[in-house]
Amino acid sequence: MNTPLDSAKHQGQRKLLIERLAAMGISDSAVLEAMLQVPRHWFMDPGLATHAYDNKAFPIAADQTISHPYTVAFQSQLLEVKSGDKVLEIGTGSGYQTAVLLALGVKVYTIERQQELFKKTKRLFTKLNLYPKKVIFGDGYLGLPNEAPFKSIVVTAGAPSVPKPLLQQLAVGGRLVIPIGIEEQIMTRFTRISEKEFDKETFGTFKFVPMLKDKN
């Protein structure tokens, strides 16, 4: 399949976005380079594509959203991934975060609970020649125990509390980045220190769609 257009105008808009993200405190050069490589407009409704490089969230299918570029960059930076790492993403959504992780050179396993989004985004990955290790229709609260442990886990929806299966599926030394809260969420990172110990850090307030249980 032919991939969609990525014009010089798009590339210029993306470069300006990356400069804004750097000015906002995103300092991981690998994350900035990955986001420079990934055309965000490919993951948005064509009617909204002219706004793709604004630092804003926009609606996608199934009443979900594509996150602010800053949020994607911030979560990606907190993961501290290295090329070849095994990463679990909870909430495939539009596929944009997945694509950024792939551009960082990691092996991505991604779970989506909304069947409409799962089917749409899986087709889009094929169209864009993007190849996560697995794209799964399932309940993100359960994680992916058959593929654990993971070096990093990122949750792209707001959870009322941290799902214990996700902590259990982290490798020792691995990081879980998850927004925790109901109306607003505190970006939280858990680092597995040992089999039974976790270090917890918080990084300010964000707003995500809610993380829901079961498949829909």
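Details
- Restricted to segment 105-127, and to residues there that are assigned to a loop (DSSP other than H, G, I, E, B) and modelled with pLDDT under 95, the residue that is nearest to Leu79 (Cα to Cα) is Arg113.
- Within the option set Lys151, Lys196, Lys207, Lys213, being modelled with pLDDT under 95, surrounded by 14 or more Cβ atoms within 10 Å (Cβ to Cβ) and among the basic types (Lys, Arg) holds for one residue only, Lys207.
- Meets criteria (under 21 Å from Ala171 (Cα atoms) and touching a Ser or Thr at 6+ places or on another chain (Cβ under 9 Å)) for Glu112: no
- Residue match in segment 84-92 (condition: of a type in the set (Asp, Glu), more than 15 Å from the chain's Cα centre (by Cα) and either surrounded by fewer than 18 Cβ atoms within 10 Å (Cβ to Cβ) or within 22 Å of Thr205 (Cα to Cα) (or both)): no
- Selection status of Arg113, under 18 Å from Phe208 (Cβ atoms) and of a type in the set (Lys, Arg): yes
- Options Arg14, Arg20: the member that is basic (Lys, Arg) and buried (at least 19 other Cβ atoms within 10 Å of the Cβ): Arg14
- In segment 193-208, the residues that are within 13 Å of Ile180 (Cβ to Cβ) form Cβ pairs under 7 Å with partners that are small (Gly, Ala, Ser) and outside any strand (DSSP E or B), at six or more places apart or across chains, as follows: Phe208/Ala157.
- Filtered residues of segment 60-80 (kept if modelled with pLDDT of 85 or more and outside any loop (DSSP other than H, G, I, E, B)): Ile66, Pro69, Tyr70, Thr71, Val72, Ala73, Phe74, Gln75, Ser76, Gln77, Leu78, Leu79
- Test: Val100 is among the β-branched types (Val, Ile, Thr), over 21 Å from Pro179 (Cα atoms) and either at pLDDT 95 or above or under 16 Å from the mean Cα position of the chain (by Cα) (or both): no
- Cβ-Cβ under 8 Å pairs, at least 6 apart or on other chains, segment 91-104 side outside any loop (DSSP other than H, G, I, E, B), far side at pLDDT 95 or above and basic (Lys, Arg): Tyr96/Arg40
- The listed residues are Thr65, Thr50, and the only one of them that is in contact (Cβ under 8 Å) with a residue 24 or more places away in the chain and hydroxyl-bearing (Ser, Thr, Tyr) turns out to be Thr65.
- A count restricted to segment 164-193 and to residues that are surrounded by fewer than 20 Cβ atoms within 10 Å (Cβ to Cβ) and part of a loop (DSSP other than H, G, I, E, B) stands at 5.
The values are calculated or read from the model by the stated rules, or taken from the named source; none is laboratory data. Treat the numbers as computed from the prediction; the structure is a model and nothing was measured. Glycine gets a Cβ as well: all are built from the backbone with ideal geometry, and neighbour counts include every protein chain shown.
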